[in-house]
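Data block below; observations after.
Throughout, read-outs are computed from the coordinates displayed, never taken from laboratory work. Here the structure is a predicted model, which means the values were calculated and not measured. Because the Cβ atoms are built from the backbone with ideal geometry, glycine has one as well, and the counts that use them run over all protein chains shown.
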Amino acid sequence: MWLLIAAHSLQILYHSYQGTIRMKRFLLALLFMVAISSSHSVAQFGIAAGMNFETMSDISGSREATFENVTGYHAGMFYDFGLGAVGLKVGAYLRDLSNVEMNRSGFIDSFDIVLIDVPIDLRFNLTATPVIRPYILAGPVFSFPSSTNEEYDKALEKVNVSGNVGGGFAIDIAGVTLFPEIRYVIGVTRFLKDKFEIGGFEFDADEAQRQNSVMLRLGIGF
């Protein structure tokens with residue numbers, strides 16, 4: 001299942017973002033991780049995929065709108081740098097939300113959001129066994145959202161910053177390491193601009209909108 005999600009994500013990247021600024025950012029993030037890992041013999045490369053459950057705060061102000069919760073998926077790559085009791089985990093992921101519903105005074109509209117996430121996690125190792133090593137993690141996530149809907153794409157902030165906390169296990173099996181994780185991503189900056197226009201309606205929001213996520217992820221380290 002996870003490999004199918006990862007393969008589908010790579011197809012989206014190739015067909016939808018080839019030659020675009022966001023594709024270049026994604027590739028630059030991966031190249032950066034490869035470059036810094038080459039000088040760290042303890043670095044472990046891996047791939048990961050999972051499901052994400054999103055909530056978005058409503059819009060209040062001159063006009064009001066509400067958002068339905070949405071389920072999506074994410075897939076990408078990571079480097080895990082072992083530094084003893086504390087480690088560093090850097091990744092680059094594609095996060096897809098294909099059917100976000102927005103209710104504007106009874107009129108329901110749907111749109112898609114695709115984000116390129118770059119999490120930078122500090123990993124704190126807990127008491128371990130020879131095979132299973134539990135850990136907790138925390139750090140910032142830098143996201144670059146976009147939408148195929150032109151109006152919503154213009155309404156989205158181009159860079160979002162979130163806080164990321166969670167935990168997981170490093171499980172050594174047959175020469176690879178499995179990383180099952182659960183994460184909670186808390187929006188710090190707004191995901192929509194304070195002023196934007198959708199369907200001929202102008203919005204002047206008086207509160208910052210936040211995008212929060214619960215993520216279930218399985219990584220494989222090589």
Note to self: If you take every residue apart from G163 with its C-beta less than 12 Å away from the C-beta of G163, what net charge results, scoring Lys and Arg +1 and Asp and Glu -1?
What the structure shows: +1
Notebook entry, point to check: Given labels modelled 7 Å from the Cα in the Cβ direction, how far is it in nm from I132 to L216?
Noted result: 1.8
Check: Distance from the Cα centre of the range 173-199 to that of the range 84-116, in angstrom?
Finding: 6
Checklist line | Derived scalar couplings ³J(HN,Hα) [the range 74-85; Karplus, 6.51 cos²θ - 1.76 cosθ + 1.60; whole Hz; x for Gly, Pro] | finding: 8, 7, x, 10, 8, 10, 10, 9, x, 10, x, 5
Next item on the list: Using the Cα centre as the reference, give the magnitude of the dipole from point charges on the C-beta atoms of the range 46-111 (Lys, Arg: +1; Asp, Glu: -1; all else neutral), rounded to the nearest 20 debye.
Entry: 200
Notebook entry, point to check: Counting Lys and Arg as +1 and Asp and Glu as -1, what is the net charge of the other residues whose Cβ lies under 15 Å from the Cβ of K89?
Noted result: 0
Item checked: Under Karplus coefficients 6.51, -1.76 and 1.60, residue-wise ³J(HN,Hα) of the range 134-151 in Hz, glycine/proline x -> x, 7, 10, 9, 7, x, x, 10, 9, 10, 10, x, 7, 9, 6, 7, 4, 5
